[in-house]
1. Check off (1) more than 14 Å from chain D (Cβ to nearest Cβ); (2) at pLDDT below 95 for residue C:185 and give me the number that stays unchecked.
2. Suppose we keep only residues that are assigned to a strand (DSSP E or B) and more than 12 Å from ligand 4 (Cβ to nearest atom) within the range A:285-311. Which one would you say is farthest from residue A:326 (Cα to Cα)?
3. Quick one: would you say residue D:202 is among the aromatic types (Phe, Trp, Tyr) and away from chain B (no Cβ under 14 Å)?
4. Look through the range A:169-184, keep the residues that are farther than 19 Å from residue A:88 by Cβ and modelled with pLDDT under 80, and return whichever of them is nearest to ligand 1 (Cβ to nearest atom).
5. For residue C:280, work out the one condition from (1) more than 9 Å from every other protein chain (Cβ to nearest Cβ); (2) not in a helix (DSSP H, G or I) it doesn't fulfil.
6. Tell me which of these residue B:55 doesn't satisfy, since it passes every other one: (1) of a type in the set (A, V, I, L, M, F, W, C); (2) assigned to a helix (DSSP H, G or I); (3) within 12 Å of chain C (Cβ to nearest Cβ).
7. Within the range C:125-157, can you find the residues that are in contact (Cβ under 8 Å) with a residue 24 or more places away in the chain, at the interface with another protein chain (Cβ under 7 Å from one of its Cβ atoms) and either more than 26 Å from residue B:64 (Cα to Cα) or assigned to a loop (DSSP other than H, G, I, E, B) (or both)?
8. Pull up the range A:283-307, narrow it to residues that are touching a Phe, Trp or Tyr at 6+ places or on another chain (Cβ under 8 Å) and more than 14 Å from chain C (Cβ to nearest Cβ), then point me to the one that is surrounded by the most Cβ atoms within 10 Å (Cβ to Cβ).
Amino acid sequence: MPYGGAPRNPWKEPRVTLSIRGLVKGYGATTVLDGVDLDIAPGEVHALLGPNGAGKSTLIKCIGGVVTPDAGEIVLDGAPLHNLTPARAFEAGIATIHQHLSLIDVLSVTENLFLGQEARRAGLIDRGAQRRTADELLERFGLRVPATARVGDLPIGTKQLLEIAKAWHRTDVRVLILDEPTASLSESETERLFAEVAKMKERGARIIYTTHRLGEVFRIADRVTVVRDGGVALSGAVADLAPERVVSVISGGTGAPTAQVERSDLGAVRLRARGLAGPRFGPLDMEVRAGEILGLYGVLGSGRSSFVETVAGRFAAVEGVIEVDGSPLTGRGPARALRRGIALVPSDRARQALWATRSAADNLLLPSFGELGRLGLRRTRRERRLFGETARKVDLQPPDASRKGGAFSGGNQQKLVLGRWLARAGRLAVLLLDEPTQGVDVGARKQIYEVCRDLAAGGLAVVFASSDAQEVQQLAHRALVMDRGRVIAELTGEDITEAALLQNAHQLTGVTGTANVSESHP
Amino acid sequence: GGVQEDTGAAGGSGESCQRSTEKVIGFDYPLTSLSVYGDLKRFAEKRAGERGYQVKYTADDQDLQKQIQNVQTWVTQKIPAIVSYPLEPASMEPLASQARSQCTVFVSYASPLKNQDAAVLFSGLESGKALGESAMKWIKDRGKPVKVLVLNNRDLAVGAQRDDGLKSVFPAGDADVEIVSTQKAGTRTDGEQITRTVLQAHPDLNMVLGYNDDVALGARQAFLNAGKKADDPNVFIGGQDGSKEGLTAVSEDGIYRVSVAVRIRDIGFAVTDVAADLLESKPNTGVNVPPVAIDAEHAELKDYMSDYS
Amino acid sequence: MTATTVPGGKTAPGGSRSAIDLILRSALLIGLILMVVFFTAQSDLFLTAGNIKNIALSSAVLLIVAVPQALLVIMGYVDLSVGSAVGLSGVVTGLLIVDQQWSWGAAVLAGLAIGTIGGLANGVLVSYTRLSPIIVTLGTLQLYRGITQFLREDPPSDFGRGMALLGRGLYLGVPVPVWIALGVFALGALFLYGTAPGRHVYAIGVNTEAAYLSGVATKRLPLIMYGVIGLAAGLGGVLYAARLDSAPPGTLGVSFELEVLTAVLLGGVAFSGGRGTMFGVLLGVVFLGVLRNGMTLMNVPYFAQAMATGAALVIAAGLDQLGQRTGMVRRVLRRN
Amino acid sequence: MTATTVPGGKTAPGGSRSAIDLILRSALLIGLILMVVFFTAQSDLFLTAGNIKNIALSSAVLLIVAVPQALLVIMGYVDLSVGSAVGLSGVVTGLLIVDQQWSWGAAVLAGLAIGTIGGLANGVLVSYTRLSPIIVTLGTLQLYRGITQFLREDPPSDFGRGMALLGRGLYLGVPVPVWIALGVFALGALFLYGTAPGRHVYAIGVNTEAAYLSGVATKRLPLIMYGVIGLAAGLGGVLYAARLDSAPPGTLGVSFELEVLTAVLLGGVAFSGGRGTMFGVLLGVVFLGVLRNGMTLMNVPYFAQAMATGAALVIAAGLDQLGQRTGMVRRVLRRN
Ligand SMILES: Nc1ncnc2c1ncn2[C@@H]1O[C@H](COP(=O)(O)OP(=O)(O)OP(=O)(O)O)[C@@H](O)[C@H]1O
Ligand SMILES: Nc1ncnc2c1ncn2[C@@H]1O[C@H](COP(=O)(O)OP(=O)(O)OP(=O)(O)O)[C@@H](O)[C@H]1O
Ligand SMILES: [Mg+2]
Ligand SMILES: [Mg+2]
C-alpha cells in the first residue's frame, strides 16, 4: 500500500494524458533533444527506445525535474508543469527510477526506501510505520534482505530492485518512469518487476519504460517511441511493429548482433583455475583456451562477479591457484594480474571503471601511458594516434579525446572502458568482462561483441559474466551456469540457447552439492 | 536559583592559612617558545635544589584557554604553591582567589593581580620605556633624522604593556623621528620578512624597535641580508628580554645596540624564593626586578651574559 | 539467495547503526579506558570528583562546537572559522557589557546572534554559491579575527556576577557549561538519529546527487547547519569569556578550530563525509580532555606533551581504523 | 548530434588539460592582475625590481612545499605536518653545524634526510594502514614540533658563509631560493603533465577503485609523494634557517602548513581530490605573496590585514568558481 495519504481512486480520473510538446534540451554546444513530442495515456506502458546517447535519459530527466528543458512543455492531466525539481515532481505524482542508482550506501534498506519521504510522528521518524511498509515492499519484490541491512553491502542487482521499490510507496503515482531498470537484473527479478509494473498499469499510472533489451518491449509495452538524432524516429503501437524494424531504426541499419559461430580451432589453455575459491564462490575448476569466449550465466548473487574479480586480483583467492599460460599467478592485486596479461572490464562502470571528470584520452589510455612514453616521458603524438585508432575500432561517439568521460552516454562509456584494454591487447592473455553490455544499445552491443570476437581471434581467452541469456547465447562459444558460487552446468555451441540457460539457472536453483560438473570438460 | 558560584570561600588571606608542608612549587610559564624559558627554568630549579623543593611546569603553548585549564588542574590538585605568568591577568583572578581560598600560595609573575600572595614583577611598561629612552638618546646623540619600524605584538598582555611603555616616551613628538611602519610580528621569521619588505619601501630605514629579542634579531638579519654592514653606525636595532642571543648580538657592538633585560638569574631565583618563603610562612611581598637597557658599553653586560649556560 | 550473501548487515546508521558503532568505536574506547587506568595509577588525584569536574569543564565548549561540526563534516562540509567566531562573539559580548553597559543577558544574546550571522554567512557562500568550504572558512577565519581585533584592541574584562555564574556556576554540583554541553550533545544525537533531516545528513554526505534526486534539500540543510555551528561557536565564545571573565581579542579561541576538527576526526567522523556518530564525537572530545589533564597532573614537560599528544592522535586513529575493520562486510568491500 | 568534434581530438591529452585549465584559472589570474595594478597605483615602489625579487624570495619556500602538497591533495591526501617538518629539519641542520661542527653541506643533507624520513613516516601510516591523512598529519605536526623543541631549547645560529650563500646568495641577480623554487615548480609540472605517474595522480584522485583495477599503484604513489613533500619541507626548513642564519625551535615554520594549504586551494585544487593544476598552484602562491607584500608596503594595520586577507581568499575562491563555470561540461557534471 503506497505510504502517504489515501491514494485517489484512479478509475475516477479523466482519461487525459501526459503529453510532452516540442521538448528541446542541449548540453553546451550539442543539442540532444530537438523538439520531441510524446503522449502517454493512463494505464499505458510506453517503451522509450533509442541508441546510446539518443537522449532517453535526458528526456526522462526533464520529466523528473532533474534538468530544465531549454524549450517545450510538459503537461500532466491538463496542467502544464513548470520549473520542476525532483521534489516538485514527486508531489505532482511523477516517480522516476533513474538509470544510475540513487541509493545511499551507508543507510539501511528501509531508510533508503523512504529517503526524502520519511514517515513522521511528532517531528520524529516513525520507524515502526516505515519498517512495516518496507517489509511489505521487500516481500513484493522477493528481496530476502533484512530491512535493516546496510545498502552498501548489497549486490548491485539487489540495489537495482530496491531503487525500483522506492517508487512503489511514493506519493500516489500518476507517472512512473523506469530508465533501464533491468540493466543489471536477471530473468527472475525481471519477471517480478513486470508483475509489479502490471499492477501499476491497472492503477492507471502512465509508465515510461526505457531498455536496450528489446525482448522486454514486446512483452510489456503498449506503444513504442524511438528517439534518434534528437527527434522521434519511430512511434507506434507494439502490435503493428516488427522487431526487425525497431532494431534497424534504433541501430541505424547496423542490425542486431548475429549469433556466435562455433569455434573448433581452439589454442592452448591460457587461463586455468584449480580449486579456486574466493568471497562468495568456489571451489571451482575452469579452463579457457586461446581464441575461446566463455560465458558465465546465473542468477544474481551466483558469484560470477566475485569470481572474475578474484581472477583479476581484486580479491585474494581463499584457496586454489590461477594459472596463466601454464604458470601460476603469484602475488595479489590487479597490477600483478595485469602484468600477467589479465584485464577486467568491471560491472559497475561508475564505481569501478570510469574517471568521470577526466578526458576520454585519460580514460582510454591510462594503462598505456607508460608503454607509449620514452625515458619516462609521455609522447603525445603516439598517444593521439593510439587514441584515434582505438576510438575508431570501438566506434566511440563522439571520438573527442578531450571530452570528459562522464559526458559520454552509457554505451560510449562502456566503449571507453573496453577500449582501455583493446588499446593494449598485444600485452593481454585473458580478458574478463562483467556484464559487458549493461545499458548498451543494440548497435553498440553488436560492435562490442565484434571487438570481443576479434580479441579472441587474436589469441586471447575471453571470459564474460552476464545476466542476459540472449547475450550469452550470442557471444559465448561455451557457457557455464553458476549457482551459489559453484558451476552447475556447462553448455557448448549449439546447446547454448536462452531456454537451456534459463532452465539450468532456475530449475536447479536450490539444489546444492552438485558442484564441479565442470571437472569433466576438456 | 540553584546556581551558585564555584570559587569556594572568597579571598582567603595568607595569615589565616595552614600552608601545606609538601615542598612543591608549580611554575606556570605560557611562552615556552621564548628562548629565555630554558635558562629561567634552570635558575628556578637551581634555587629549588638548594632549598629542597621540586618545581613543576605547565605546557600552555601560549594559549589562554589551555593556561586556565592547566592552572585549574593544579588548583584542584592542591599544589602547595603556584607561580603563574598570566597571559590575561583578568582571567587568572578567579582561579587565584579560588587557589588562595584553599590556602594555596599564589604568586603572580610579570603582571600583578588583585588576588595574590605576592608577585615577581619586571614591568613590561618599564621595559618598553627603557627601550624608547635609549632609542631617543641615540637619536639625540647622533642628531640626524631617523626612519623607524616598530615591531609589536599586542596579542600578548606583556606585548601590549611593552608597546604602551614604548609609546609613552617615543617618539615624544620629536620632529626628527618618522615612524614609517608599525607591524605585528610574532616570530623571528616575521621580523625578517616584514623588515625586508619595509626596507624595500624605505631603503633609508635605520631604526627597528622590537617587542622582544626574537623579532628584533629577525630585523637585524634582514639588514644583514640587505647587505648593510654589521656595525653600520647609522642603524639602531633594539629588542627586549635580554635573551642569550639578544645580549650576544649587543656584545658584538654592532647595529643591534640594545636589549632591555631583566636579570634572568634574579627572576629565576625569585620564582622559587618568594613561593618557598610564603610556604614556610616567612614574610615575602615579592620582588620587582627593574628592566635595564643593556648596550655594548653597559658595565653589567658580562654578568648578564654569564647567567646563561 | 542474495539474502544469504548479506551477513546481517545491521550496520546502517540509525538506532541499530549507533549500537554497532558503539562496538566499532570500542577500540578507541578501550584506548581511552587504558589511558584513564594509567593516569589513575600515576596520580591518585586523577579520579577525584574535583578533577573529573575539571576535565568536564575544559571539554564543555569543545563538545558544544564539535557536535555541529561533526554534522557538517558528515555532510561533506566543514567550518574552520569557528576559532575566530568564538573570539568575535566573546569579545562582542564583553565589550557590550563593559563599554556599553548592556545587561549581561542582552549582551549574551547579542554574542549568540553575531555567531549565528557569521555562520550563516559561511553557509550562503558555501552551499549556495558552491565555493570550497575549506578555503571560504579559512578566509572568514581571518576575516572574523580581524573584525574582532578591530572592535577592541585590548581585552574587555570584569563582567560581573551574571557572567560569573554562567561561566563558573554550579548546578547540582555540576558546572553550568557542562550542563549546556550535555544538552547540546543530547539534541545533536536526537537530531541525527531521530529525525528525517538527520538521515538526510548522511545521504548528502555519501551521495549528494542521489540525495537531490530523492528530493532531499541538499542546499538548505547545510546552510542551516552552518547557522547552527555559528550559534554554537557564539555560545562557546560567551562561555569562554564568562569563564575567563575577560575576552582577549587577539587570542580568544585562536587555533580552537583545529582542536574541534581533531576531536571530530578522532571520534571516527570521516572528513570525506558520510561516516560518523555522535557517540564517537563525545569519545574524541573526552579523549583529548583526559589526555591534556592527565599530562599536566603528571608534570610532563611541554615538548614531551607535544610528542605524547601527537603520538596519541596517531594511535587513536589506528584504533579507530581497527574498529572499522571489525565490520566483516566492510572488509570485503574495502578490497584486500 | 554531437558531431562538433574532430576525431582523435585536436589537442594532446596532457596539453589540452593544462591549456583548458589555464583559461579556467584566468578568472583568478585577472583578480591577481587587478591587485597588482591597485598596489602599483598605491606605491611606486611596488613594481620595482627590488620588490619583485623580495616577493619572489618570500614566496620561494611556500612554492617549494605547495607543489608536492598540490599533488597529494589532487590524489585525495594531504600533509598538515609540513610546518613542523620545516622546523625540525631547520633546527637539525642548525645544531649539526653549531653544536657538532658538521660542514654545512653535510648538515643540509642531514636536514633533507630528516624531512624525507618524516614524510615517509606519514606516508606509511596514511597510505598503507589507511589512517585518516588529516588526523595522522595533525598528530605528526605536534610530534615533530615536540621533537624539535626536545633537541634544542634555544635557537642555534650563526651558520657561516655556505649557508649564507644558500639562503641569501644571488645567481644572475636572482636569489638562490627562488632558483630552487622555480626548479621544483618545473619538475612538478613536468611530472604531472609529462609522465605516466602524473596521469595516475588524477586517476587516484577521481576514482581510486577504478585506478586500482586498472593497475595503478594506488598505495605506492601516495607513499612516495609523502616522501617527496617531506623532502621539500626539509629543503624549506634549510632555506629558512639559512636566510635567518638561525633556527628557533619553537617558532620556525609554525602555522606554515595552513599557508601552504591556503595557497594550494586558492590555486583551484579541490580538497576532495581529482582537480588541480600546477599553474593554479603557482598563481595561488603568488597571489598570497603579492597580497602580504603589498599590504606591508602600504603599512596596513594588523587587523585590517587579517580582514583583507580573509576577504581576498573568499573572493578568490569565488573567481575560481567563476572560472570553473566557464567549462560547460563541468557545469553539467556538477548536477545543473
Ligand atoms: N552531463 C552531461 N554533460 C554533457 N553532455 C551530456 C551529459 N549527459 C548526457 N550528455 C550527452 O547527452 C546525450 C544524451 O545522453 P543520454 O544519457 O540522455 O542518452 P541515453 O539515450 O540515455 O543513452 P543511454 O542509452 O546510453 O542511456 C549524449 O550525447 C551525452 O553525451
Ligand atoms: N554480500 C556481498 N558483500 C560484499 N560484496 C558483495 C556482496 N555480493 C556481491 N558483492 C560484490 O558486489 C559486486 C557486484 O555484486 P554481484 O552480485 O554482481 O556479484 P556476485 O555476488 O558475484 O553475484 P553475480 O553472480 O550476480 O555477479 C561484486 O564486486 C561482488 O564481489
Ligand atoms: Mg540513459
Ligand atoms: Mg555480477
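The values are calculated or read from the model by the stated rules, or taken from the named source; none is laboratory data. In this text the structure is predicted, and so the values were computed from the model without any measurement. Cβ sites come from the backbone with ideal geometry, for glycine too, and all protein chains shown count toward neighbours.
1. Result: residue C:185 fails condition (2) only.
2. As a first pass, look at the range A:285-311 and keep what is assigned to a strand (DSSP E or B): A:285-289, A:293-298.
Checking the rest, the ones that are also more than 12 Å from ligand 4 (Cβ to nearest atom) come to A:285-289, A:293-295.
On the way: A:285: 14, A:286: 13, A:287: 11, A:288: 11, A:289: 11, A:293: 18, A:294: 18, A:295: 21 Å.
In this case the residue turns out to be A:295.
3. On the way: among the aromatic types (Phe, Trp, Tyr): yes; away from chain B (no Cβ under 14 Å): yes.
Yes.
4. Checked the range A:169-184; the qualifying residue nearest to ligand 1 (Cβ to nearest atom) is A:183.
5. Against the list (1) more than 9 Å from every other protein chain (Cβ to nearest Cβ); (2) not in a helix (DSSP H, G or I), residue C:280 comes up short only on (2).
6. Of (1) of a type in the set (A, V, I, L, M, F, W, C); (2) assigned to a helix (DSSP H, G or I); (3) within 12 Å of chain C (Cβ to nearest Cβ), only one is false for residue B:55: (2).
7. C:153, C:154, C:155, listed by residue number.
8. My answer is A:295.
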